[in-house]
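Presented below is the structure to which this report refers.
Each reported figure results from applying straightforward, stated rules to the coordinates on display, with no laboratory input. On a predicted model such as this, the values are computed, not experimentally measured, just so you know. Cβ placement follows ideal geometry from the backbone for every residue including glycine, while neighbour counts extend to all protein chains displayed.
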Amino acid sequence: MKHIINQPIINQIFINMKRIILGIAVVMVAVLAAGCTHSSPKSIAKAYINALQKGDAEKAADCFYYEGTDEEQEQSRATMTALCQKGIQGMEKRQGIQSFSFGEVEMDGETAIVHGVVKYGDGTTDEDEKIATVKKDGKWYIDSKK
């Protein structure tokens, strides 16, 4: 028994498969991008602390809002990445962040202060850590100006 292969049907199947794969890729990108959007001061503060806990200075620097030209923003981001790295090194001397307990959030329009308690691996604690945040373009960021 011979099988007849219909080339136009095979081509249409491949085209449909490409469309499905492209559609899945678009959805995945949208989901990942939404995961980077922070809708509250507490959510950006949590992302920032998580990045510091993991020792990821670049992700910590991504939590900040940068103004200016593209070149100025890149320079500011590079500076903030270096500062975050120094902060991570300082935390490593205290054996890293063991935990961060979120407290009160003081809202004032487009700015907010997130209060929390930081416990370090060496047993020391910062009782009232304050993380300044700012809302820009509908998203919350760590405020680098405070």
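Whole-Hz Karplus values for the stretch 107-114 come out as 8, 8, x, 8, 10, 7, 10, 9 Hz, taken residue by residue from phi with 6.51 cos²θ - 1.76 cosθ + 1.60 and θ = phi - 60°; glycine and proline positions read x. For the stretch 75-90 and the stretch 128-143, compute the distance between their C-alpha centroids and round to whole Å. First find each Cα centre; the distance between them is then 17 Å. When VAL134, VAL105 are sorted by how many other C-beta atoms sit within 10 angstrom of their C-beta, beginning with the fewest, the order is VAL105, VAL134.
Going by the alpha-carbon gyration tensor, a ≥ b ≥ c the square roots of its eigenvalues, is the stretch 41-142 rounded (a/c under 1.5) or, if a/c is not under 1.5, prolate (a/b greater than b/c) versus oblate? Judged from the Cα gyration tensor, the stretch 41-142 comes out oblate (a/c at least 1.5, b/c at or above a/b).
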